[in-house]
1. Enumerate the pairs (first residue in the stretch 389-415 and closer than 23 Å to PRO450 by Cβ; second residue anywhere and hydrophobic (A, V, I, L, M, F, W, C) and in a loop (DSSP other than H, G, I, E, B)) with beta-carbon separation below 9 Å, excluding pairs fewer than 6 apart on the same chain, so at least 6 apart or on different chains.
2. Taking the stretch 234-266 as the search range and keeping residues that are touching a Gly at 6+ places or on another chain (Cβ under 9 Å) and touching a residue at least 40 places away in the same chain (Cβ under 8 Å), which one is farthest from GLN315 (Cα to Cα)?
3. Can you pull out the residues in the stretch 223-237 that are basic (Lys, Arg) and within 14 Å of PHE265 (Cα to Cα)?
4. How many of the residues in the stretch 145-190 are of a type in the set (Gly, Ala, Ser) and part of a helix (DSSP H, G or I)?
5. So is SER397 under 24 Å from GLY627 (Cα atoms), crowded, with 16+ Cβ neighbours inside 10 Å, in the same structural domain as PHE538 (by TED's automatic domain parsing) and not hydrophobic (A, V, I, L, M, F, W, C) or not?
6. Go through the stretch 588-602 and count every residue that is surrounded by 15 or more Cβ atoms within 10 Å (Cβ to Cβ) and at pLDDT 95 or above.
7. Say we look at the stretch 77-116 and pick out the residues that are in contact (Cβ under 8 Å) with a residue 60 or more places away in the chain and more than 19 Å from SER58 (Cβ to Cβ); which of these is surrounded by the fewest Cβ atoms within 10 Å (Cβ to Cβ)?
8. Take the stretch 521-555 and flag every residue that is in a loop (DSSP other than H, G, I, E, B) and either touching a helix residue (DSSP H, G or I) at 6+ places or on another chain (Cβ under 9 Å) or of a type in the set (A, V, I, L, M, F, W, C) (or both).
Amino acid sequence: MPITRIRLLLFWSPLASFALAALLLTEPAVHAADPLAYSVMFVSAGDEALDRALNDSSQLVALRETAPVGPFALVARARDDAARLETVLNSFGYYDGTAVVTVGGRQLEDPYLLDQLERAPSGVVVPVTVSVVHGALYHLSKIDIQGTIPADVPVQLGIKPGAAALASEVLAAQEQLAEALRGQGYALARVDKPIATLDTTAKTLAVEIKVDAGPSLELGRIDFKGMERTEEDFLRRRLLVHSGDRFDPEAIEKARQDFINTGVFSSVRARTGERPDEDGRLPLNFEMVERPLRAVGFNGAWSTDVGGSLSVSWQHRNLFGAAETLNLTGGVAQLGGNSTTGIGYNAGASFLKPDFFQRDQSLQADLGAVKASLNAYDQKAVLASVLLKRKFSAAWSGAVGLSGEQENIVQNGLARDYTLLGLPLTLNYDSTKSPLDPVQGIRASVVVTPIQPFSGSTSGTSAQLAESSGTTPFVLLQLAGSTYLDFTGSGRSVLALRGLVGGAVGVGVMALPPDKRFYAGGSATVRGYKFQSIGPRFPNDRPVGGTAVSAGTFEFRQRILDDYGAVAFVDIGQVSPHGGPFTGDWSVGAGIGGRYYTSIGPIRVDVALPLSRHSGSGSFEMYVGIGQAF
């Protein structure tokens, strides 16, 4: 029976492409001086994937506008395409398939074709038609593995007898088998390219794969290269693989990625030795490239309620050689806005010490100052905190700490100094993949903060003094969450849901410092309403704040083309003047927005209307920033 041994190719080799380009570039000047315009039409092969592959591999299509040709070169291009398209047919299992290309209605073998093209009038577009004849679809007859595969290695090929003989899947079997061997410790396993043998009578393809598994290896000496400031002891403490471990490419990749996640390195490569060392173990090297030690960042946002904000940050990424970071920030806020009464500022310093006493545990210290001039209150404060943060798993993390505040707040004619000591406790869950543009997963946080107030100086009316005095401790509780449902699997159509519930325990609304009360309205709760405008109000129409808040959002995000998107949303929320959540009057806002997607995240523009009119609500609000609203 006819037996043919073949080499499997995928579409078109780079060498052939180079040869074709050289042919076109060296075409005699007489043809290049009179290029022909031509069109290309593909007759459908009845298979969408095959049609797409044929079109994508065609040089007649790819070079039609960018590389004009004369008659001789056009015929050469068409002949070359016919061979290339037959390779495509082979890759789809049609090893008897042929491609037919006609130029100007004539076959490529027509002796009068070139003469017809040379006499073509100027301005005429020569039609080129491409069609294919499948022939029979070949199937795999047998798969013969030459060599011994260890018993602890599952045979993973991705192909089996009787399946269509697709070249891509046959070639992929080599890498799948090699990965299976490496995954069981056979780091130096060698798997040759499959050898395919055609049986043109039976229309089958037999595959032979030669394997040399080699020995199962353990990791030997582990070295680091490329560090300029980073301490090797810090890297060794973080190392997820160790000498004596069985070679495992997945574990090595996790270790490599973990070094990237420190923020110190721009790249990390893991390289194993080409042969075992004298102890029969495999050396492993991590080659690092450190990021610049210092970085400067800028941020800005604008909305109709709180106006504009501008900030600048300076960061040192590796202060003492163990990925310690120091962040200095400063900015101005409330530049305009219908919920502000003056310009505010903020400044702060934050120090983070990773791997504090143990891996995945960090110590964070913060010191800051803030001035805010809002319709609800005027505030000047100095804040400090120390947090011990712990990562429990890829999604779960938590923190416990100590915070202190010294502030002066003026609200509705009452000025008071507050000294507050807090014990913030936080539990977080985050299974999303992008901080600025999540498309699937869940984010949730629970924050419990017991606070002990200390007495301070107060000025105001006697009624206000009596109502706002006291040093009774209280607890602030907040539960927030969001989830993202990807309808397409590609992140182009996403339903985003957000919820917030918070409350104060052990204290009345007027005994709460104004900045610790709960408010709603604005981009973080209910868009369409002025910032902090939802909830109880003083007789002069200024916001009071409440003892509890509840809010929720439904937002649909649709990506359009590659770089643009649109959203539609409905927000709902309420603030309770006394008592717990869900006891106040509800306010509803709705709106639409646009997105422009950049490499750092989407630029967001949202416009929202208040649907529940009340004192303090305007006609509409607009929000501009970087990243999705939540």
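1. Final answer for the pair search is LYS389/PHE356; GLY398/PHE392; VAL400/LEU423; GLY401/LEU423; LEU402/LEU423; SER403/LEU423.
2. Applying the filter and picking the extreme gives ARG246.
3. Passing the criteria: LYS225, ARG229.
4. Number satisfying all stated conditions: 7.
5. Taking the combined requirement at face value, the residue satisfies it.
6. 9
7. So, considering only residues that are in contact (Cβ under 8 Å) with a residue 60 or more places away in the chain and more than 19 Å from SER58 (Cβ to Cβ), the one surrounded by the fewest Cβ atoms within 10 Å (Cβ to Cβ) is ASP96.
8. Those that are in a loop (DSSP other than H, G, I, E, B) and either touching a helix residue (DSSP H, G or I) at 6+ places or on another chain (Cβ under 9 Å) or of a type in the set (A, V, I, L, M, F, W, C) (or both): ALA524, VAL526, PHE531, PRO536, PHE538, VAL544, GLY545, THR547.
The values are calculated or read from the model by the stated rules, or taken from the named source; none is laboratory data. All figures in this text were calculated on a predicted structure; none of them were measured in a lab. Using ideal geometry, Cβ is built from the backbone for each residue, glycine included, and neighbour counts are taken over all protein chains shown.
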